[in-house]
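Working notes, beginning with the structure itself.
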Amino acid sequence: MSIIKIKPLPVTPEMLTDEVNRRLSLGFDFDFGDERGVHHFGTTPGDMTRWMQEVTPLAQAAMNIGEPDRLVGIKTNTGLVEVKASEWWLVLDAAAAWRQPLYAAYFALKAASEIPADYAVNESYWKF
């Protein structure tokens, strides 16, 4: 009886892009630091579209007319919550702090001469 070894297919840049997009879609936790507690913010493409087309313009408009305390109702993966226009920028900053290391890891992996076969399961590649 002979053992047949199957060579894994090489990892493509597209596979790596799919993985970073999967990770970017997982969302992150934001602690409001008050009775609202910690909310999990969804970051799927649909979530991000709503952030940028709905919430961010409302928050920016309120800030522009001098109403940083104006409340904007949003729905996180945790539930309904109101955020002050000025707080929305803290949420966006937290999102950037969570997303940027994923992009840095993705860029580093993509620049490698050969993308490691275990890129999707070895968390050490995604820590930056």
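The table that follows gives values for the structure above.
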read-out: Residue in segment 63-86 that is assigned to a helix (DSSP H, G or I), open to solvent by 80 Å² or more (accessible area, probe 1.4 Å) and either under 28 Å from Lys127 (Cα atoms) or touching a residue at least 12 places away in the same chain (Cβ under 8 Å) (or both) present; value: no
read-out: Residue within segment 28-42 that is in a helix (DSSP H, G or I), modelled with pLDDT of 95 or more and under 17 Å from Arg99 (Cα atoms) present; value: no
read-out: Residue list for segment 5-43, restricted to those being within 12 Å of the chain's Cα centre (by Cα) and on the phi > 0 side of the Ramachandran plot; value: Gly27
read-out: Residue selected from segment 43-59 under the condition over 18 Å from Trp98 (Cβ atoms) and in contact (Cβ under 8 Å) with a residue 24 or more places away in the chain, by the criterion least open to solvent (accessible area, probe 1.4 Å); value: Ala59
read-out: Selection from segment 100-113 of residues that are without any contact (Cβ under 8 Å) to a residue 40 or more places away in the chain, open to solvent by 60 Å² or more (accessible area, probe 1.4 Å) and not aliphatic (A, V, I, L, M); value: Gln100, Phe107, Ser113
read-out: Residue pairs meeting the criteria (Cβ under 7 Å; at least 6 apart or on separate chains; first more than 10 Å from Ala117 (Cα to Cα), in segment 3-20; second among the small types (Gly, Ala, Ser)); value: Glu19/Ala120
read-out: Subset tally (residues that are open to solvent by 100 Å² or more (accessible area, probe 1.4 Å) and in a loop (DSSP other than H, G, I, E, B)) for segment 11-25; value: 0
read-out: Residues that are among the polar types (S, T, N, Q) and within 15 Å of Gly27 (Cα to Cα), drawn from segment 62-103; value: Thr76, Asn77, Thr78, Gln100
read-out: Which numbered condition Arg99 misses (of (1) closer than 30 Å to Pro10 by Cα; (2) part of a loop (DSSP other than H, G, I, E, B)); value: (2)
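The values are calculated or read from the model by the stated rules, or taken from the named source; none is laboratory data. Computed from a predicted model, the values in this text were never measured in an experiment. Glycine gets a Cβ as well: all are built from the backbone with ideal geometry, and neighbour counts include every protein chain shown. To get the accessible areas, we keep the full protein, side chains included, count just its heavy atoms, and leave off ligands, DNA and RNA. Shrake-Rupley method; radii C 1.70, N 1.55, O 1.52, S 1.80 Å.
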